[in-house]
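Worksheet: one structure, shown below.
The values are calculated or read from the model by the stated rules, or taken from the named source; none is laboratory data. Predicted model only: the values in this text are computed from it and were never measured. In this analysis, Cβ positions are derived from the backbone assuming ideal geometry, glycine residues included, and neighbour counts consider all displayed protein chains. Surface areas here come from the heavy atoms of the whole protein model, side chains and all, with no ligands, DNA or RNA. Shrake-Rupley method; radii C 1.70, N 1.55, O 1.52, S 1.80 Å.
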Amino acid sequence: MTFSRRQILAGLGGVSLLALGGAGYWLRRSQSASHDYELIAAPLDIELVPGHQTPAWAYGGQAPGLELRARQGDWLRVRFINQLAEATTIHWHGIRLPLEMDGVPYLSQLPVLPGEYFDYVFRVPDAGSFWYHPHSASGEQLGRGLVGPLIVEERQPTGFRHERTLSLKSWHVDGQGAFTAFSVPREAARGGTPGVLSTVNGVHAPTVELPAGQVVRLRLLNLDNTLTYRLNLPGGEARIYALDGNPVTPRPLGKEYWLGPGMRIELGLRVPPAGQALSLRNGPLRLATLSSVASSEPAGDWPAALPANPVAEPDLASAETLRFNFEWAGAVSVGLEQGAAHSFWQINGQAWDIADKNCYERPIATLQRGRSYILELRNLSQYQHPIHLHGMTFKVLGSNRRRIAEPWFTDTYLLGRNETARVALVADNPGVWMFHCHVIDHMETGLMAAIEVV
Ligand code: C2O
Ligand code: CU
Ligand code: CU
């Protein structure tokens, strides 16, 4: 495979960082005709713990990163500039795009080295809440803050006049804001290494003001390495409008929704009268206070369901079934070879080794382009795994552990402990696509594979 578009920044007269100048250093909408955003990844000290600095890594001058926006069906053109001291890439989680834009180093592109840039240019076929992150040294790179929202707006107005993006991340920091280990082997072998400081948009337990009486669209994104958030909004009148970037028939949020790493949920929330507040919580823990402030607008009504995305409907009658077992790999960490990664987890008996670039050449399954497949996902372990596929969207059909009243399209399915779920897709995007658990510790210790579409 030949790789393109990676460029050495120094070789480009027009984009010298000096020319960008002081405050304009972190560019937002670019003036350039050749791209919509210039997005810089660079170290940035941020204040997560009051009075202390945390040496984060930021996209566009913030961590979590700058919110990128595009309109459904349009091109998104991002010039990505790497000002970190190490190589990285950007993966566009949930976006159905060509392989060469998928951001997996050595599979879809070469890593973007320090001082280089790479132009990501692709169409966004689906409206919804997506996100972006590196696909190398993920534990540390995501852990230090390289995660950001990507919002694709519907082409027509939706009936929501107000919206907020709430990016959830729990940081691996101590009381002085210093980073603690992103991965501890004994945790990686269990549920993954959790951070301890919960934040919404980079702030611990913030107050978010919402206009009284309006129905506001809340886009909740789990950009965390490890945690599944058990989201609840006691006393709030909230309905689910979309899951992981695809609309569902609006239904009440109910008691709790489990949002695994990488997953997103869009809620319509009827904001209570001015002066009242709601608690957005993870189980019993408050993530944010949603506080209602007076609004002069007439009260809003519940918008209709969001328009469906153009995802191909799998043909279940002709679909071939493929089985994937997710399980513990046993105590194979004993006798680690030089440079090899820990291997605690495996898919169908194979543990992915992040230190071995040749893994990409051994896809775990080969799908025929245009055909429908049912993937049976079997979790043989006591821990949950948010199972994610690149390049294609799949439909959740059924589970032996939960009632699925309405199948939905997603890119990530939270596979509960000992659960077997059935999902289906049309293999309509040629390429080699990563298929992995989005608990970063699991993905980096074996729970990853490649699925090829030919
Ligand atoms: Cu969020 Cu391999 O992806
Ligand atoms: Cu992805
Ligand atoms: Cu997992």
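Tabulated values for the structure
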read-out: Pro206 under 24 Å from Thr445 (Cα atoms), open to solvent by 10 Å² or more (accessible area, probe 1.4 Å) and modelled with pLDDT of 95 or more; value: no
read-out: Residues of the stretch 416-435 that turn out to be within 15 Å of ligand 3 (Cβ to nearest atom) and either of a type in the set (D, E, K, R) or surrounded by fewer than 21 Cβ atoms within 10 Å (Cβ to Cβ) (or both), as a count; value: 4
read-out: The listed residue being surrounded by 17 or more Cβ atoms within 10 Å (Cβ to Cβ) and farther than 22 Å from Ala341 by Cα, out of His438, His390, His442; value: His390
read-out: Filtered residues of the stretch 251-286 (kept if open to solvent by less than 40 Å² (accessible area, probe 1.4 Å), in contact with a Lys or Arg (Cβ under 9 Å, 6 or more places away or on another chain) and either in a strand (DSSP E or B) or within 19 Å of Thr199 (Cβ to Cβ) (or both)); value: Tyr257, Leu259, Arg264, Ile265, Glu266, Leu267, Gly268, Leu269, Ser279, Leu280, Asn282, Gly283
read-out: Selection from the stretch 118-148 of residues that are in contact with a Lys or Arg (Cβ under 7 Å, 6 or more places away or on another chain) and either open to solvent by 10 Å² or more (accessible area, probe 1.4 Å) or within 14 Å of ligand 2 (Cβ to nearest atom) (or both); value: Asp119, Val121, Pro125, Asp126, Ser129, Val147
read-out: Qualifying position, being farther than 16 Å from Glu47 by Cβ, in contact with a Lys or Arg (Cβ under 6 Å, 6 or more places away or on another chain) and not in a strand (DSSP E or B), among Phe160, Phe182; value: Phe160
read-out: Residue in the stretch 384-392 that is of a type outside the set (D, E, K, R) and more than 24 Å from Gly103 (Cβ to Cβ) present; value: yes
read-out: Close pairs (9 angstrom Cβ cut-off, 6 or more residues apart or separate chains): surrounded by fewer than 23 Cβ atoms within 10 Å (Cβ to Cβ) in the stretch 93-114, modelled with pLDDT under 95 and β-branched (Val, Ile, Thr) anywhere; value: Leu113/Ile8
read-out: Qualifying positions in the stretch 341-378 - touching a helix residue (DSSP H, G or I) at 6+ places or on another chain (Cβ under 8 Å) and outside any loop (DSSP other than H, G, I, E, B); value: Trp345
